[in-house]
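Values in this text are rule-based calculations from the coordinates and carry no lab data. As the structure is a computational prediction, the values presented were derived from the model and not from experiment. When we count neighbours, we look across all protein chains shown, and the Cβ atoms used for this are built from the backbone with ideal geometry, even at glycine.
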Amino acid sequence: MKVPARRTDPNRRDRLIDVALEVIAEHGVARTTHRRVAEAADVPLGSMTYHFRDLEELIAAAFRRFTERITRVYNEAMASAHTSEQATSVIADLLCGGQWFSPKDVVLVCELYVFAIRNPDTRVMFGEWAALSMQIMEEHYPPDIARQLESIVGGLILTNYFAPEPLAREEVAALIGKIAGSAS
């Protein structure tokens, strides 16, 4: 009897992480299961426990991938700014242009907030993400202003997603400019 050849899939772990983000965005962390992710990734259920100790590890890996992607986009956009005024404009564009946070990304941020509340390791990762964001801002603003802006940006992302009438780009730029201007 001939044993069937094993299907090699060297990128399976990465694919599972990407698919987990899709499942989280569609169903939420509370309804994300190994089975759902395995089905969506079209892999055997046993692959899940081979690659991840438990579901919590998979979800944490997915959120790390998400925060790395968002930070990369943010960092690349902010690198084009050479003054604090340009940085203010870049932040307003990112918040209002849909290129930084899509509606799915906002859902993932909300799911990440909730997951981090109950998961100490993810809370640490969340703190690292905020620190990276502030570090990027500190290239354009003093540390106290960068910290204030980091807090405001998180609120603006959620406000513009949930509000019946999101703040216009000009309003966002004016708000950021007021905070940044207080550094003078």
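Report, in deg cm²/dmol and to the nearest 500, the calculated mean residue ellipticity at 222 nm for the chain, where each DSSP H run with n ≥ 4 adds -39500 (n - 2.57) and the sum is divided by the residue count. Mean residue ellipticity at 222 nm (helix-derived): -24000 deg cm²/dmol. Start at zero, step by 10 Å, and the Cα-Cα distances of the chain spread as 9, 33, 29, 18, 8, 2, 1, 0 percent across the bins. Charged neighbours of Glu150, selected by a Cβ distance under 12 Å, balance to -1 (K, R count +1; D, E count -1). Electrostatic bookkeeping for Tyr113 treats Lys and Arg as +1 and Asp and Glu as -1; over the other residues with beta carbon under 14 Å from its beta carbon, the sum is 0. When the chain is treated as a Gaussian network with alpha carbon springs shorter than 10 Å, the biggest mean-square fluctuation among Phe66, Phe101, Phe162 belongs to Phe162. Only Cα pairs under 8 Å and 6+ residues apart enter the sum, and on that basis the relative contact order of the chain stands at 22 percent.
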